[in-house]
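S.K.: Before I ask anything, let me first share the structure, which is written out below as structure tokens.
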Amino acid sequence: MRRVLIASLLLTACGNDVVPTGDDASTPTTEPVFYGQVQRIFNDNCVSCHSEDPDRLAPFALVKYEDAVAAATDFPMAYDVMNRVMPPFYADQNGDCGSFRDAHWMTDDELDTLLAWINGGKLEGNPADTVAPPPPPGGLAQVDHTVDTNTSFTISTDQPDTFACFVVDSIGADKFVVGAHVKPGNLTVAHHVILFTLDQAAEDDAVAKQAAAGGSSYRCDGGPTQAGEAKFLVGWVPGNQATVFPPSTGIRVDGARKMVVQMHYNSAHSDGRTDRTTIDLDLADSVQVPAQMARISGNVNLPPQQIDATSTGTVTIPNALPSARIWGSGVHMHQRGTAAKLTVASDNDRCLMDLVNWSFHWQHFYWFEEPVALDGGDTIKLTCHYDTTGDTQNIGFCETTDCEMCIQYAYVTQ
Ligand code: HEC
């Protein structure tokens, strides 16, 4: 609401009029212009996905002035940015709670500028002030193993979203994963990719499910398995390049266990081609500081008909550990999720990560700029928020999308 007000005040104040700022009446207006100004905001927050690459999931490019004007005219861009639907980066960066690597978070000033441009004259400015979009970050320094879904998967266009799981071969020997580069085979449909490690029970379940489904993949809308434990190892969403784990750290992978690649496909911009996704892994025999993907799972028992039902879960760092560091965190809920927060309950609920929005379609893993240092005995709390107004019965915990989860994965070292 505040933003609508600011945007409309700006418009009333300036309209599309040229406001002379000096002797020369043709000098720039106070209304924002594309070149050098709004373009910078698009470059920093949008073009990693809204690129000029025709193989992209995002519906349009935000690189050229004409394309940006068309998109701001044809799509509900003001609504999406105001409500922080776009960019799909939900970890609040206002300074009160966490600071994240490669953040696509617009400051209030940037938001106001962008809204004034969208709702105003969408002025061009001077093409000489153009700023090039940043080059995408590089890949992995070294590739030791490639995880291969080994299937040409045909994406159904009967429904918008398909969740498919692929059991992949074990890596053969116990190793530490120190970096991963997810390479979707068809970027026009790949919406997210998650590589899960499995314990024996989860492997048995996944293998059985795949065999029952015909042998090369199986449907997995809620999660890869309903037995044992499947652990998030690395994730990808559009715009992501390689993930390099923090220096000297890595996650140990059992060389004998198969893994599962979960693909979320969205067919809205499908070019009709099949997909075969691979994941390059940079492996090490040992690392100085072994890491774990630690999991918090909330107790889910949500009353129906609530705009804001909540679930919480906690984990206490064992007293035996002198310290622990959290390097990054990702949350998992299903379709009813609206927001989530990670705090240190034992320290006045000190805020570590505040997801102000949630979309099942955007399960981003957020890496802290600096690891969060904790002591043995500290309790971390995850609070998940849901909208259950569409439900008539209590919603419990389960892996399918009929019910809900409240999970947090954190990359943790001592
Ligand atoms: C991480 C990738 C990513 C980033 C960053 C991103 N977008 Fe998007 N955007 C998408 C995808 C993919 C879609 C298609 C809808 C979907 O899958 O959510 C989309 C859709 C949209 C839509 C259309 C929504 C509709 O209702 O049809 C708008 C408007 C939009 N983006 C604007 C922006 C703006 C403005 C920015 C930057 C301030 C931005 N996006 C940043 C990936 C991204």
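S.K.: Assuming 0.36 nm per residue, please report the length gained on full extension of the stretch A212 to R350 beyond their Cα-Cα distance.
M.R.: Separation in residues times 0.36 nm, less the Cα-Cα distance, equals 45.0 nm.
S.K.: Could you tell me how many degrees, from 0 to 90 and to the nearest 10, lie between the Cα long axis of helix 65-74 and the main elongation axis, the longest principal axis, of the Cα atoms of the chain?
M.R.: 80
S.K.: Size of the range 239-396 along its principal axes in angstrom, Cα-based, largest extent first?
M.R.: Principal extents (largest minus smallest coordinate, Cα): 52, 52, 30 Å.
S.K.: Here's a follow-up. Calculate how steeply helix 200-212 sits against the longest principal axis of the alpha-carbon atoms of the chain, using the helix alpha-carbon long axis, and give the answer as 0 to 90 degrees to the nearest 10.
M.R.: 80
S.K.: I've got another one for you. Rounded if a/c is under 1.5, else prolate if a/b beats b/c, else oblate: with a ≥ b ≥ c from the C-alpha gyration tensor eigenvalues square-rooted, which is the range 138-272?
M.R.: Taking the square roots of the gyration eigenvalues as a ≥ b ≥ c, the range 138-272 is oblate.
S.K.: Also, I was wondering about something else. Just from its helices, what would the mean residue ellipticity at 222 nm be for the chain, if runs of 4 or more DSSP H residues each count -39500 (n - 2.57) and the sum is divided by every residue, rounded to the nearest 500 deg cm²/dmol?
M.R.: -4500 deg cm²/dmol
S.K.: Under the 0.36 nm per residue contour assumption, what length would be gained going from the current alpha-carbon distance of T107 and F397 to full extension?
M.R.: Answer, rounded to one decimal: 100.8 nm.
S.K.: Then there is this: For the range 269-283 and the range 67-146, write down the distance between their C-alpha centroids in whole Å.
M.R.: For the range 269-283 versus the range 67-146, the Cα centre distance is 25 Å.
S.K.: Using a 1.4 angstrom probe on the protein heavy atoms only, line up T338, T392, T379 by accessible area, largest first.
M.R.: Putting T338, T392, T379 in descending order of accessible area: T392, T338, T379.
S.K.: Still on this structure, please answer the following. Suppose a student asked you for the relative contact order of the chain, using Cα pairs under 8 Å spaced at least 6 residues apart; what percent would you report?
M.R.: The value is 18 percent.
S.K.: If you put +1 on each Lys and Arg Cβ and -1 on each Asp and Glu Cβ, how big is the dipole of the chain around its Cα centre, in Debye rounded to 20?
M.R.: Magnitude of the dipole: close to 780 debye.
S.K.: Need one number: nm distance between label points at Q142 and N126, each 7 Å from Cα along Cα→Cβ, rounded to one decimal.
M.R.: Label-label distance for Q142 and N126, simple model: 5.0 nm.
S.K.: Turning to a different aspect of this structure: Would you check the accessible area of T310, probe 1.4 Å, heavy atoms only, in square angstrom rounded to 10?
M.R.: 70
S.K.: For the range 109-173, compute Rh as the Kirkwood radius over C-alpha pairs and then the Stokes-Einstein diffusion coefficient at 10 °C and 1.306 mPa s; write the answer in µm²/s, rounded to an integer.
M.R.: 86
S.K.: Given C-alpha coordinates of the chain, what is the ratio Rg to Rh with the Kirkwood estimate of Rh?
M.R.: We get a ratio of 0.99 for the chain.
S.K.: A follow-up question, please. Could you point to the residue in C49, G95, L374 farthest towards the positive end of the chain's charge dipole, with +1 and -1 charges on the Cβ of Lys/Arg and Asp/Glu respectively?
M.R.: Highest projection toward the positive end goes to L374.
S.K.: With +1 on each Lys and Arg Cβ and -1 on each Asp and Glu Cβ, how big is the dipole of the range 285-414 about its Cα centre, in debye rounded to the nearest 20?
M.R.: Charge dipole of the range 285-414: 100 debye, to the nearest 20.
S.K.: For helix 2-14, what angle does its Cα long axis make with the longest principal axis of the chain, in degrees from 0 to 90 and rounded to 10?
M.R.: With both axes taken from Cα atoms, the answer is about 20 degrees.
S.K.: How many lysine pairs are close in the chain, with Cα atoms under 17 Å apart and the two 8 or more places apart or on different chains?
M.R.: Total qualifying Lys-Lys pairs in the chain comes to 6.
The values are calculated or read from the model by the stated rules, or taken from the named source; none is laboratory data. Note that the coordinates shown come from a computational prediction; the quantities given were computed from them, not determined experimentally. All Cβ positions, even for glycine, are placed from backbone atoms using ideal geometry, and neighbour counts span all protein chains on display. These accessible areas exclude ligands, DNA and RNA; they are computed on the full protein's heavy atoms, side chains included. Shrake-Rupley method; radii C 1.70, N 1.55, O 1.52, S 1.80 Å.
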